[in-house]
Amino acid sequence: MKVRFIADENIPFAIIEILRKAGYDVLTVRDVAHAGIRNNELAEISLKLERIIMTRDADFAKLPKPTLSRIKVMYVKVTGDPSRMARLILDNMEDCASIFQRHDVIMLDDEGCHAL
């Protein structure tokens with residue numbers, strides 16, 4: 001599975017830069033829309049662009065089931081230094097990609113990736 005992301009506005013840009021330097025295809029909300037975009041709008045954009053939404057917003061899991069069943073979301077439940085957060089994402093990317101083959105919404109925390 002080729003992992004391509006669209007980073008929600010709550011993902012620090014330092015993380016996006018680190019992921020890009022590591023070779024990941026990451027767009028920001030500013031690249032494709034406008035500041036303050038609503039979650040359902042970002043969901044629709046992610047479908048059109050065939051990208052996984054990377055977010056720190058747990059509200060994405062509350063989108064209507066028909067929408068959730070069509071999109072992929074990585075909920076990053078990690079705080080702290082962006083470099084440490086990026087390292088955690090990179091260290092778990094293979095496991096996350098594997099889980100995405102069977103699940104649409106996953107959570108990444110300090111223990112790794114989990115299906116939601």
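Could you check Pro66 against (1) more than 17 Å from Ile16 (Cβ to Cβ); (2) under 15 Å from the mean Cα position of the chain (by Cα) and say which number it fails?
(2)
Residues to consider are Lys72, Lys77; find the one that is surrounded by 19 or more Cβ atoms within 10 Å (Cβ to Cβ), without any contact (Cβ under 8 Å) to a residue 40 or more places away in the chain and not aliphatic (A, V, I, L, M).
Going through Lys72, Lys77 in turn, the sole match is Lys72.
Read through the list (1) buried (at least 18 other Cβ atoms within 10 Å of the Cβ); (2) under 17 Å from Ile15 (Cβ atoms); (3) free of Cβ contacts under 8 Å to residues at least 40 places away in the same chain; (4) among the charged types (D, E, K, R), then give the number of the only condition that Arg51 fails.
Going through (1) buried (at least 18 other Cβ atoms within 10 Å of the Cβ); (2) under 17 Å from Ile15 (Cβ atoms); (3) free of Cβ contacts under 8 Å to residues at least 40 places away in the same chain; (4) among the charged types (D, E, K, R) one by one, Arg51 breaks only (3).
Go through the range 1-18 and report how many residues are outside any loop (DSSP other than H, G, I, E, B) and more than 18 Å from Cys96 (Cβ to Cβ).
Adding up the residues that qualify gives 3.
What do you reckon, is Leu116 surrounded by 13 or more Cβ atoms within 10 Å (Cβ to Cβ), free of Cβ contacts under 8 Å to residues at least 60 places away in the same chain and under 18 Å from Asn10 (Cβ atoms)?
In short, yes.
Yes or no: the range 50-62 includes at least one residue that is more than 18 Å from Cys113 (Cβ to Cβ) and touching a strand residue (DSSP E or B) at 6+ places or on another chain (Cβ under 6 Å).
Within the range 50-62, none of the residues are more than 18 Å from Cys113 (Cβ to Cβ) and touching a strand residue (DSSP E or B) at 6+ places or on another chain (Cβ under 6 Å).
Quick note: the coordinates plus some simple rules give every number you see, no bench work behind them. All of these numbers come straight from a predicted model, not from anything done at the bench. A quick note on method: Cβ atoms are made from the backbone with ideal geometry, for glycine too, and the neighbour counts reach across all protein chains shown.
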